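K.L.:
Sending over a structure as structure tokens; questions will come in a sec.
Here, each number is a calculation from the coordinates, and none is a lab measurement. Note that the structure is predicted; figures quoted are calculated from it, not measured. Don't worry about glycine lacking a Cβ; one is built from the backbone with ideal geometry, like all the others, and counts go over all protein chains shown.
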Amino acid sequence: MREQQIDIWSYQGQAIIAITTNGSLTRDGRAIMGKGVAKQAAERFPELRSQLGRLLQVRGNHVHEILLGLVSFPVEETPFSLPELSLIRRSAEELRQLADQCGWNAVVVPRPGCGGGGMRWQEVKPMLEEFFDDRFIVVSAPEQ
């Protein structure tokens, strides 16, 4: 696993981008993507919330390939709950399995649970290192 301080969207078209998500839906079945990288992704890709919403309804709150080059990475059950280490662990394992199956050689992940979720990177990083090899780049936003 590599770490970089860079805008995650600079990798668009060059790597798979993981979007930290939750498992909640609006009344009309769209995924709730209200903060962080999820909000940025929803603004860039208007169809994303509907696509992820359908996947959540059918397959549950798991890692999903949503659109070409974009995957979900669940960190919490609802937008109002705190990130859960057990869910982040499961998502890291599922993402690794999907990367192996699809033959991806570059996957970019924001620090899961550490932005708006408030978790400390020092507690999340060792768990990710169990699953992520050198194909995985964990990014944090550049300091302003």
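K.L.:
Using the Cα atoms as the points, what is the convex hull volume per residue of region 73-141 in Å³?
P.N.:
On the way: hull volume 5.9 nm³, N = 69.
Considering the Cα atoms of region 73-141, their hull volume per residue is 85 Å³.
K.L.:
Can you work out the Karplus-derived ³J(HN,Hα) for every residue in region 21-37? Use 6.51 cos²θ - 1.76 cosθ + 1.60 with θ = phi - 60°, whole Hz, and x for glycine or proline.
P.N.:
With the stated coefficients, region 21-37 comes to 9, 10, x, 8, 10, 6, 4, 8, x, 8, 5, 8, 9, x, 8, x, 5 Hz.
K.L.:
Express as a percent, rounded to the nearest 5, the fraction of DSSP beta bridges in the chain (both residues included) that run antiparallel. Please report the intermediate quantities before stating the final value.
P.N.:
Numbers: 3 of 19 bridges.
Antiparallel: roughly 15 percent of the beta bridges in the chain.
K.L.:
Given Cα pairs under 8 Å that are at least 6 residues apart, what percent is the relative contact order of the chain? Before the final figure, lay out the partial values.
P.N.:
Numbers: 247 pairs, mean separation 50.8, N = 144.
Reported as a whole number, the value is 35 percent.
K.L.:
Quickly rank 127-133, 15-21 as a protection proxy: mean count of other C-beta atoms within 10 Å, highest first. Provide the component values of the computation, followed by the final result.
P.N.:
Details: 127-133: 15.9, 15-21: 24.4.
Taking the mean over residues of other Cβ atoms within 10 Å, the ranking is 15-21, 127-133.
K.L.:
Lys/Arg Cβ at +1, Asp/Glu Cβ at -1, dipole of the chain taken about the Cα centre: which of ILE6, PHE73, LEU25 is farthest positive-ward?
P.N.:
Value: LEU25.
K.L.:
Go through region 122-135 residue by residue and turn each phi into a ³J(HN,Hα) via Karplus (6.51, -1.76, 1.60, θ = phi - 60°); whole Hz please, and just put x for glycine and proline.
P.N.:
After applying 6.51 cos²θ - 1.76 cosθ + 1.60, I find 4, 8, 8, 3, x, 5, 5, 4, 5, 10, 8, 9, 6, 6 Hz.
K.L.:
Can you tell me the alpha carbon radius of gyration of the chain divided by the globular rule-of-thumb value 2.2 N^0.38 Å? Let's see the in-between values first.
P.N.:
Values: Rg = 13.8 Å, N = 144, 2.2 N^0.38 = 14.5 Å.
Compared with the compact-globule rule of thumb, the chain sits at 0.95.
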